[in-house]
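Structure first, commentary second.
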Amino acid sequence: MASPSSTAATTNVMLAIFEKKTVSLDLYRPLRNYISFNYSEREAQNLEDDLQTIKQYRSEIERVPADSLPARRDLLQNYYKALCAIESRFPISPDKDHVNSVYFTWYDTFKVKQKAVQQNIHLEKAAVLFNLGAVHSQMGLSLDRSAVEGRRQASHSFIAAAGVFAFLRDNVAMKASMGTSTTVDMSVECAGMLERLMLAQAQECVFENTIAKGSTPGVCAKISRQVGIYYEEALAALNVAPLLYHFDKGWLAHVQLKAALFYAEACYRYGMELHEKEEIAEEIARLKSGISALAEAKKSSSKGAAQQLLDAINKLEANLNQNLARAVKENDRVYLMRVPQASSLLPLPAFAMVKPMPMNDVLDASKEKMFASLVPDNSAKALSRYTEMVDDVIRTQAERLQQGSELARVKLREMDLPDSILALEGNVTLPMALKEDVEAVQICGGPAGLEAELQQLNDLKRVNQELLVQTEELLQKEATEDAQFRSQFGTRWTRPQSSTLTKNLQDRLNRFAGNLKQAAESDARIERSVRDHAALMSILDHRPIESALPTLARPIMSLDANEDAIAGALKQSLRQLEGLGAQRAGLEDMLKEMKRKDDILPKLMTSTGSHEDLFRKEIAKYDHICEEISKNLEAQEQLLLQIQAQNQDFASIFNLEDYKASRERTYKQIEVAISKYQEIKENINEGLKFYVTLQDAITNVKQQGSDFVMTRNMQCREMMDDVQRQISGLSFQENKGSNGYNYPSAAQSHQVPRSNPQPPADPTNIPNAVRPPTPTYQPPHQPAMPSYNQNPPPYGPPRQQPTPPYNLQASGPPYPPPQHQQQPPPNHEYGQPAYPGWRGPYYNAPPQQPAPLQQQGSMPRPPYTVPSPYHPPPHQSGYYRQ
């Protein structure tokens, strides 16, 4: 029930609204059962705190308000937001699959015997909103409105109350009125009427402060008239169904008298302004209209009205009559104006100082954390659809931004910008790919470093030649000694001739000599190439390389000397274009950040309207960024046209075509120089690999030759002892007809390790025994080794990992083996194809027959005089490139 209330002020009589009453209701058990049944018992346990909070809210709502009005206001706001969270997660209806044991019951505020009972959460929400508006009205009425600050605060409370009733009317009232059990106080019409009433009382507080400040009569008249309009709108709603006959007569009388009072007040204040302007005739008409309105209101609504309000009306009526008498007297005596009819007068001007407070933010439940873990399927699907909509917007705008940036790059590249401007300033640059190639060349030492590498080649070649000579001299010395002994002892010197045993070693040394000869020719060709192309490659020694590029020169003669202005304008336009590019990057980041923060799930959970409406509202927040992107792209399009025109002027003045041609020639020269440098560098690297690998091979042969010579020396000493005994006749008969020792060749394989000869137990006791032959040399096992994976140093001990020179395949032996012998396959003891002519270690070669007598005295020619049997195939690449 609502009733008139008053304060100490005689004219400030206002209305407050009582809260609606309800009955006790248990929400805890039905909601918990629903969670446990549809989700899990564990989920119900996790949400126990939220369920207890709902239970506490409902219990406090049911009690008679005993706490402060602000605390009551906060309770109602929190409970309303909790109801929004419940609405989206707990379907409350008579349906058997829903929460069907909850019945909300609320009594009418103005007719306490009427009540509404529904299984509809919108009824609960509407009742809570109604009570929230009522509390705001009570807060406004409880303030001390005799002072300016009190009236200001009261006006704010009434504005808030108007906002709550407007929210109730627009969002909940219609849904709460559906069904057979409803009450009038929560109808759309009642909520609208209460909104107008609260606005009237808020404007009334403003009017009283305006009077207190001493504002002009014209301003006071406008504000007063708006108060009357609000009251008139509330009165109009009270006089029609469904509010007709629903309110007490005191309410009707109060509202009707207030409407008349403030209409008359406006006439009174407006009349004062007209009197100052000496518009006496209209003043008289306005005063009469105000007096007539008061008289009619007193006649029809005097019963049930507050006495303070009636006193204020009587006082105002007296003031109106006093001013009317004065105006009539002055008009009769002085002005003699014709007084117009009231119906012909224009409506009094009005000015609204208040409007309903927006409650969307205050009552927004999207940030409510209650029951946040419960997400119904329909909300999840709606969220997925909205996410797709946002992704489509982001993708479309990102593509537009990328296309804009790409268009700018293409246009600038076509105009050779900003390279031409940088060239004018001396800041020329190479294309990135070409610059990387130049840097790679300079890191390797550049053309100036080729001389050191050529010297390294020569050093390695010299080392190989020395090793080859040493090996040949070693074998030659042994052969010479053998020939001397053979000449000295004749037929008694029965061991095989050295040339027969070292044939394979000599063949390999001859081939190595041929390889070195061809390698020397290749070295010479490389040196000639370095000398011939030194001038071409010298450009690569510029540091930085940009110092070798041409610069854009200013014109020698200028007619109007405006080249600086043209270049400056072009630079400015390029800076603006760069700024637009940075702005696009910022806009793209803004889109991504907005998407990252865009979480509408809480709003979906609390939304009671159409999801499509919510989607349109939420997606609209991206519109301003889309508009900025469109403006950016339009600005870039215009700026590119401007840059194109400016660049044409720039090119004509600075002779840009000649500069570009010169620059391209320099680019081509650098490319050719890099190509030639890489070719020479590759050949040098191949030569280094060849010499290092050949050094390993010669060292190996040298070691085998040394072992062979050592073994031959041991045999030589033993045979000399035997020959001397034969000459002295000590064992001539015992050894007659004997072939002596079985001398293996230097390349024959041995199955026993090398050891010192074992002397007989007692040679003096066995004079005629045949002495066992001295064990021949068994070279150490040479393990197979992997190929090179890096450039080895040119000097040092013999390598164990030789790589084949220039990827050449092993060629056949220069001299064919005897037809009756089975030639074993080449032994690639380095794990890869051997050098040209390579046949593996000499001790793996087939045993050789003793040379004919006529050949025993012949010696092989020096290896450098033997023509090289190796001829690389014409298609083979490598170090022997002609």
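The values are calculated or read from the model by the stated rules, or taken from the named source; none is laboratory data. On a predicted model such as this, the values are computed, not experimentally measured, just so you know. Ideal geometry is used to build each Cβ from the backbone, glycine not excepted, and the neighbour counts take in all protein chains shown. The protein model used for the area step is the full one, side chains on, heavy atoms only, and it has no ligands, DNA or RNA in it. Shrake-Rupley method; radii C 1.70, N 1.55, O 1.52, S 1.80 Å.
Things worth noting here:
The rows are residues; the columns are (1) under 24 Å from GLU368 (Cβ atoms); (2) in contact with a Pro (Cβ under 8 Å, 6 or more places away or on another chain); (3) not hydrophobic (A, V, I, L, M, F, W, C).
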{"position": "LYS81", "(1), (2), (3)": "yes, no, yes"}
{"position": "PRO94", "(1), (2), (3)": "no, no, yes"}
{"position": "TYR103", "(1), (2), (3)": "no, no, yes"}
{"position": "ASN120", "(1), (2), (3)": "yes, no, yes"}
{"position": "LYS125", "(1), (2), (3)": "yes, no, yes"}
{"position": "SER146", "(1), (2), (3)": "no, no, yes"}
{"position": "GLN153", "(1), (2), (3)": "no, no, yes"}
{"position": "SER157", "(1), (2), (3)": "no, no, yes"}
{"position": "MET174", "(1), (2), (3)": "yes, no, no"}
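- Any chance ILE600 is crowded, with 18+ Cβ neighbours inside 10 Å, modelled with pLDDT under 85 and touching an Asp or Glu at 6+ places or on another chain (Cβ under 6 Å): yes
- Test: ALA620 is touching a helix residue (DSSP H, G or I) at 6+ places or on another chain (Cβ under 8 Å) and among the hydrophobic types (A, V, I, L, M, F, W, C): no
- Scanning the stretch 78-114 for residues that are open to solvent by 30 Å² or more (accessible area, probe 1.4 Å), assigned to a helix (DSSP H, G or I) and among the polar types (S, T, N, Q) yields one hit, ASN78.
- Residue pairs whose Cβ atoms lie under 9 Å apart, sitting 6 or more positions apart in sequence or on different chains, and linking a residue in the stretch 293-320 that is under 21 Å from GLU273 (Cα atoms) to a partner that is of a type in the set (Val, Ile, Thr), are LEU294/ILE313; LYS315/THR10; LYS315/THR11; LEU316/THR11; GLU317/ILE291; LEU320/ILE291.
- Only one of the listed residues (ASP26, ASP67, ASP49) is modelled with pLDDT of 90 or more, out of contact with any Phe, Trp or Tyr (no Cβ under 9 Å at 6 or more places or on another chain) and part of a loop (DSSP other than H, G, I, E, B). That residue is ASP26.
- Some residue of the stretch 277-293 being part of a helix (DSSP H, G or I) and open to solvent by 60 Å² or more (accessible area, probe 1.4 Å): yes
- Single condition ALA173 does not satisfy, out of (1) open to solvent by 10 Å² or more (accessible area, probe 1.4 Å); (2) in contact (Cβ under 8 Å) with a residue 40 or more places away in the chain: (1)
- Checked against the criteria, GLN488 counts as assigned to a helix (DSSP H, G or I) and either at pLDDT below 90 or of a type in the set (D, E, K, R) (or both).
- Candidate set: the stretch 655-676, residues that are open to solvent by less than 70 Å² (accessible area, probe 1.4 Å) and either of a type in the set (Gly, Ala, Ser) or over 41 Å from the mean Cα position of the chain (by Cα) (or both); chosen: the one modelled with the highest pLDDT: SER675
- Residue within the stretch 330-345 that is open to solvent by 20 Å² or more (accessible area, probe 1.4 Å), closer than 16 Å to PHE262 by Cα and either in contact with a Cys (Cβ under 8 Å, 6 or more places away or on another chain) or not acidic (Asp, Glu) (or both) present: no
- Residue check: PHE167 meets all listed conditions (1) assigned to a loop (DSSP other than H, G, I, E, B); (2) in contact (Cβ under 8 Å) with a residue 40 or more places away in the chain but one, namely (1).
- Only helices (runs of 4 or more DSSP H) whose full extent lies in the stretch 375-452 are considered here, and the ones with at least 2 residues that are within 30 Å of TYR34 (Cα to Cα), open to solvent by less than 60 Å² (accessible area, probe 1.4 Å) and at pLDDT below 85 are 377-414.
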